[in-house]
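Here you go, one structure.
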Amino acid sequence: MRVASLLTLGCAAVLSRADVLEDIEDTATEATSSVASVVESVTSSMVSKPTFTPTTLKAPFLEQFTDDWESRWQVSSAKKEGTEEEWTYNGKWSVEEPTVLRGIEGDKGLVLKDKAAHHAISAKFPKAISNKKDTLVVQYEVKLQAGLECGGAYLKLLQDNKALHAEEFSNASPYIIMFGPDKCGSTNKVHFIFRHKNPKTGEYEEKHLKNTPMARITKQTSLYTLIVKPDQTYEIRVDGETARAGSLLEDFEPAVNPDKEIDDPKDTKPEDWVEEAKIADPKEKKPSDWDEDAPYEIVDEEAEKPADWLENEPTTIPDPEAEKPEDWDDEEDGDWEPPTIRNPKCDDASGCGPWEKPMKPNPEYKGKWTAALIDNPLYKGIWAPKKIANPAYYEDKAPADFEPMGAIGFEIWTMQNDILFDNIYIGHSISDAESFGNSTFTPKKDTEKAVEESEAPKPDEKDDSPIKSPSDLSFTADPVTFVTEKVKLFIEIAKRDPIQAITFVPEVSAPLGIGLLTLLLVLLGGVGGGAAAVSAKAPSKEELQQKAKVAQAKAAATKEQVVEAVSSGTQRVQEEVDKRTTRSSAE
């Protein structure tokens, strides 16, 4: 009772301050979001989840972001090169469990944390990876926890060289393969780009897959797999299913091998070369009676005015329902005139206003005369320069023999944060990669789907009739909406009458309202002050904002209490449902 009374007095004192009401509402909204997040976590935890167990699989490079991940990965502090401004890679990285649709307990991934920031991080391989005369398999998981509107989630396999410094990894670092999803606006693709060395000039050129598959933009985990075989074929799989397959020698732009012949740059078209296949017949003459000036339309002299034509009625009239605005000033704004509308009398007649004879097509109209076309006797065809042997020609029959790769890196700019990467496999065994995916991705995907289904509205709850009141909400049906709407209702009522808010929305001051209760008490100067603290002088806006920060910290400290309250509340509701079901069956 003492806490409830304090909350009531606190609401009355604080919410009466109009100048701080907005700050309280914003902070309370944040607290509500936090509580809703906890509720979502608790309800999703009702789905049975597997527990993370590190794989025993061996590969040239395999990463599951276990506790020792920092010994392998290095965040870059380089500058982004080749741009008008030199941006620093200041985006934050973290290794943590997903916050959305968690599929495996204890399974952590590498998370890109900042929106609209440049991120770069890399890890050196224990030793350079070469796939010469061997299969290359690149596989990793991507989880777009906040979706993806504009940004990339691809990886790069970096060229092995002495200048490979992880702390200087940037967009200028030479890579061998770039692979993974990228989306911005209407562009949505899974990149596969490889850098190919011209054996004659020694220069590198990017070869882009022309017909790319689409990325999967979902908050569930997606698995991307690239397979390149020694027979110069490739395969891209998305979630274990083949999305694209083909040949390195045929499906890339520009092509791996240049044309054997090219146009002779010294050859020019002769001045008398004729490319016009048709010409006007010079023997044909315009007929003497051909009138090019005859108009396309003429007045229909036979037309008569319809009997119901209202010639004395205007087509528009002043709007009879329009009223002069109260703030209209005739001296400053001029004489007010109502807007005009279509004359309704015209709708019931053939027309209004002065009648004129309509136009009709002119039977004498012929237009401009032109002679008929005939074959041009001087036509020689479309000119093209002669072909010569391409001096830059070469034939690389094995572009799949990539140069050795010394590291993996994520160098990304994106408008969305919380992109999570996990379970990276880089090796030579398709079966090992499949086995790895079956033990990590498959159970994770199944659990994520179950969690998503558990949080979705039940089919019988999808009613066309809108909810008329927050009182109609059910905690068991949709806990997140229940908490959010109840607190919104509490705040709205408290603006007018805090005491009535406590009475009408008791859920907010019950276990589910711990976070908001803590917030209000801290804003009022602490839990121990009692009524005397409430009756003291109200704090200034600056003091209140400072207290709001403290409140957020204390609200976080009550998280375990909220979890326990939600869990026990859910359990009590379920027990009651079980009792009623048992009782109903007995009857």
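The values are calculated or read from the model by the stated rules, or taken from the named source; none is laboratory data. Just so it is clear, the structure is predicted and the values come from calculations on it, not from any experiment. Note: ideal-geometry Cβ built from the backbone for every residue, glycine included; neighbour counts use all protein chains shown. Each accessible area value is taken on the protein alone, full model and side chains, heavy atoms only, with ligands, DNA and RNA left out. Shrake-Rupley method; radii C 1.70, N 1.55, O 1.52, S 1.80 Å.
For the range 47-150, which trypsin sites (Lys or Arg not before Pro) are both in a DSSP coil and crowded by at most 15 other Cβ atoms within 10 Å? Could the numbers behind the result be given before it?
On the way: sites: Lys58, Arg72, Lys79, Lys80, Lys92, Arg102, Lys108, Lys113, Lys115, Lys124, Lys127, Lys132, Lys133, Lys143; in loops: Lys58, Arg72, Lys80, Lys92, Arg102, Lys108, Lys113, Lys115, Lys132, Lys133.
Here the trypsin sites (Lys or Arg not before Pro) that fit, given the DSSP loop and packing criteria, are Lys58, Lys92, Lys113, Lys115, Lys132, Lys133.
While we're on this one: Along each of its three principal axes, how wide is the spread of alpha-carbon positions in the range 114-211, in whole angstrom units, largest first?
Principal-axis extents of the Cα atoms in the range 114-211, largest first: 42, 33, 26 Å.
How do Ser247, Ser454 rank by accessible surface area computed with a 1.4 Å probe, from largest to smallest? Let's see the in-between values first.
Values: Ser247 25, Ser454 50 Å².
Ranking Ser247, Ser454 by accessible area, largest first, yields Ser454, Ser247.
Then there's this: If you stretched the chain out fully between Lys197 and Asp67, how much longer would it get, using 0.36 nm times the residue separation minus the C-alpha to C-alpha distance?
Here the answer is 42.9 nm.
Right, something else. Under a no-solvent Debye model with one identical scatterer per Cα of the range 52-112, what's log10 I(q)/I(0) at q = 0.23 Å⁻¹?
Computed log10 I(q)/I(0) values: -1.02.
Further question: Which sequence of Cys184, Cys150 reflects their accessible areas, 1.4 Å probe, from the largest down?
Cys184, Cys150
Hey, could you grab the Kirkwood Rh for the range 319-439? Inverse mean 1/r over distinct alpha carbon pairs, Å, one decimal.
Computed over Cα pairs of the range 319-439, the Kirkwood hydrodynamic radius comes out at 28.9 Å.
Right, something else. Can you tell me the order of 279-286, 309-316 when each peptide is scored by its average per-residue count of other Cβ atoms within 10 angstrom, highest first?
Per-residue Cβ counts within 10 Å, averaged per peptide and sorted highest first, yield 309-316, 279-286.
Of Lys79/Lys189; Lys113/Lys445; Lys115/Lys445; Lys113/Lys133; Lys285/Lys380, which ones are farther than 31 Å apart at the Cα?
Flagged as over cut-off: Lys113/Lys133.
In the neighborhood of Pro358, defined by Cβ-to-Cβ distances under 14 Å, what is the net charge if each Lys or Arg adds +1 and each Asp or Glu adds -1?
-3
May I pose another question? Cα-Cα over 30 Å: which of Lys92/Lys162; Lys124/Lys260; Lys127/Lys207; Lys156/Lys219?
Result: Lys124/Lys260 exceed 30 Å.
In addition: Which value, in Å² rounded to 10, gives the accessible area of Ser288 with a 1.4 Å probe and all protein chains present?
Ser288 exposes around 130 Å² with every protein chain in place.
Same structure again: Dipole magnitude of the range 132-212 about its Cα centre, charges +1 at Lys/Arg Cβ and -1 at Asp/Glu Cβ only, in debye to the nearest 20?
Once rounded to the nearest 20, the dipole reads 360 debye.
Same structure again: Kirkwood hydrodynamic radius, computed over distinct alpha-carbon pairs, for the range 181-258: how many Å, to one decimal?
13.7 Å
Right, next: Mind checking the full-extension length gain between Lys92 and Lys357? Use 0.36 nm per residue of separation minus the Cα-Cα distance, one decimal, nm.
87.7 nm
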